[in-house]
């Protein structure tokens, strides 16, 4: 099933241009989709953690699939090893994404730590050297939702950031790294920002022309990065809560404050864009049904900020109620693919400048159908 879905995504990309004249005749695309977007640029397709709808996230298998499916950028979440090497993992706690629990030689390293104010028990990348992490193998993080991906368990190692860039260069795509828990890593002497810039610099990516966006849910590290680099920066905006660096500093501001006119004005001083949760653009009610769009896209554009919302996922359980397909009574309904292209199209209609997608192929096909005029 995985192969057939991957093939379908690839075919959708190839067929995208042919669908334009049928579904978007004349110049309707420009009228419907150009009003809120900067210039004539097409929205970016960002392979969220690669293509985790088809391969275990944050593996070279996943990033390669995303590149082949038409992503413009691939997104590694970055954490540090004990020897200060940046590696791609969703979290620094790795029991859910590797087979570490099957390695008795590392049993004593299972500990409880406080990360961003939460107590977490498991194994953490900062307690392993890169050589030790290389003995582990990646696994599907959410097997109940994506059981087909478990076929790839054990095939991939944890990749370094350098390896992700090498892959990106081979396929001609950009990278969109996220620094994970920067306040925490600063507190243990493993700052993420310096090795991040060092690796990018080694590859000649050091200015605004480089195919790079650096992102974080925190604010302080992005402001520090702005003083050190001209690479594009994106402030992530969660659907609730507050940046942990502000919480740790006793600053009462939340993500709600960051998207006010004053908050966006402050973000524009150090960032080139925002990456909001989709609920910040179109809220959902308790049933998951979409409400009326907010003014966030327009407000951000007025401050000169790009808008790249997260995350577009295939499965019904991960989509707004309005875009779910199939029989809700079926046991397979939660993980069945919904109207992903319709959801992406709705966001494009609202003028977003890109989307984070677990299935870059469907997102790319939607963009090609709506924006290619050839």
Does residue 197 qualify as being within 24 Å of the chain's Cα centre (by Cα), at pLDDT 95 or above and exposed (fewer than 14 other Cβ atoms within 10 Å of the Cβ)? no
Being in a helix (DSSP H, G or I) and modelled with pLDDT of 95 or more is the requirement here; does residue 67 meet it? yes
Residue among 291, 304 that alone is in contact with a strand residue (DSSP E or B) (Cβ under 7 Å, 6 or more places away or on another chain), surrounded by fewer than 21 Cβ atoms within 10 Å (Cβ to Cβ) and farther than 28 Å from residue 146 by Cα: 291
Would you mind finding the one in 372, 358 that is in contact (Cβ under 8 Å) with a residue 40 or more places away in the chain and closer than 12 Å to residue 46 by Cα? 358
Failed item, numbered, when residue 276 is tested on (1) farther than 18 Å from residue 181 by Cβ; (2) outside any strand (DSSP E or B); (3) under 20 Å from the mean Cα position of the chain (by Cα); (4) without any contact (Cβ under 8 Å) to a residue 60 or more places away in the chain: (2)
What number of residues within region 60-86 are within 16 Å of the chain's Cα centre (by Cα) and at positive phi? 1
Unmet requirement for residue 51, which otherwise passes all of (1) at pLDDT below 95; (2) buried (at least 20 other Cβ atoms within 10 Å of the Cβ): (1)
Out of curiosity, is residue 246 part of a helix (DSSP H, G or I), touching a strand residue (DSSP E or B) at 6+ places or on another chain (Cβ under 7 Å) and either closer than 30 Å to residue 335 by Cβ or at pLDDT 95 or above (or both)? no
Can you name every residue in region 325-338 that is in contact (Cβ under 8 Å) with a residue 60 or more places away in the chain and farther than 17 Å from residue 362 by Cβ? 334
Tell me whether region 279-301 contains one or more residues that are assigned to a strand (DSSP E or B) and touching a helix residue (DSSP H, G or I) at 6+ places or on another chain (Cβ under 6 Å). yes
Take residue 322 and decide whether it is within 16 Å of the chain's Cα centre (by Cα) and touching a residue at least 12 places away in the same chain (Cβ under 8 Å). no
Residue list for region 41-64, filter: touching a strand residue (DSSP E or B) at 6+ places or on another chain (Cβ under 7 Å) and assigned to a loop (DSSP other than H, G, I, E, B): 43, 49, 50, 56, 58, 59
Those residues of region 249-266 which are assigned to a helix (DSSP H, G or I) and buried (at least 16 other Cβ atoms within 10 Å of the Cβ) amount to 255, 258, 263, 264, 266
In region 141-155, which residues are under 28 Å from residue 84 (Cβ atoms) and buried (at least 19 other Cβ atoms within 10 Å of the Cβ)? 141
Subset of region 117-172 [touching a helix residue (DSSP H, G or I) at 6+ places or on another chain (Cβ under 6 Å) and free of Cβ contacts under 8 Å to residues at least 24 places away in the same chain]: 143
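The values are calculated or read from the model by the stated rules, or taken from the named source; none is laboratory data. If you're wondering where the values come from, they're calculated on a predicted model, not measured in any experiment. Methodologically, a virtual Cβ is constructed for each residue, glycine included, from the backbone with ideal geometry; neighbour enumeration extends over all protein chains shown.
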